[in-house]
């Protein structure tokens, strides 16, 4: 029987010296008997986060300068050497006892990404923001995932590493990497997990975070499925041009300059969408694994 570990736990941490001891103690209780390594990414903390992690006997990756939540996850995932890797927030909101269930579902369904769908907890502000982001993404692309921005996700390591260059360094990482998996037609499933109050520290999520996430989602959809954006925009321009111009033509007043401008704008947007689709197809081919020669 192989004794090689199957799962690596990545914990991004920025100024989490208060909450990290309890988080790591709970994680070690679950991970140690199974031989699962824990990687804490100290993202340029100004407090003793790194020292707390080292004293707990886990592997620590240190950023001299803060790179952001996504940047920390990138470093941790890139360091993982197991078939599966799971990300766990440092604030103690995730229950380590859920990890075994996530891994079992990934193996049992041969899934590529298992999203820990949070049950309970969360402020009305965050719940509303999560629903709005999901609504926008479902309009723009097929998206069966209900909790896009959950920080508790279990990835097939090989795929996660391949997609890291496409993901931002910001808090939007959680949403965007899920959309990247979906865009590549990888199997993405969800599993209910529990969420608990923060064990300490202060959340850095704000309205600016939500705005940045929305922009990054638009960027990734433009990257992989641009006609979802360009085609509706072109259609709106054509409808506006016709609605404006037809009454003027029927009254015998000639062709409206504004109407023609709207129609031409629609044509330009449609042409840009076609060009973007070709570029998206090239990017997808480049991100797919190459067959050995």
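The values are calculated or read from the model by the stated rules, or taken from the named source; none is laboratory data. Only a predicted model underlies this, so the values are computations on that prediction, with no experimental measurement involved. For neighbour counting, all protein chains shown are included, and Cβ atoms are generated from backbone atoms with ideal geometry for every residue, glycine included.
Considering only residues of segment 28-55 that are within 24 Å of the chain's Cα centre (by Cα) and farther than 28 Å from residue 112 by Cα, which is surrounded by the fewest Cβ atoms within 10 Å (Cβ to Cβ)? Explain how you work it out, then say what you get.
Start the filter on segment 28-55 by keeping residues that are within 24 Å of the chain's Cα centre (by Cα), which leaves 36-45.
So of that shortlist, the ones also farther than 28 Å from residue 112 by Cα come out as 44-45.
Values: 44: 18, 45: 20.
Filtering first and then ranking leaves 44.
Scan segment 170-188 residue by residue and report those that are modelled with pLDDT of 90 or more, surrounded by 18 or more Cβ atoms within 10 Å (Cβ to Cβ) and outside any helix (DSSP H, G or I).
188
From (1) within 17 Å of residue 103 (Cα to Cα); (2) loosely packed, with under 15 Cβ neighbours inside 10 Å, pick out the condition that doesn't hold for residue 25.
(1)
All but one of (1) at pLDDT 95 or above; (2) farther than 21 Å from residue 4 by Cβ; (3) surrounded by fewer than 21 Cβ atoms within 10 Å (Cβ to Cβ) hold for residue 78; which doesn't?
Unmet condition: (2).
Restricting segment 108-130 to residues that are surrounded by fewer than 15 Cβ atoms within 10 Å (Cβ to Cβ) and at pLDDT 95 or above, which is farthest from residue 170 (Cα to Cα)?
Top of the filtered list is 108.
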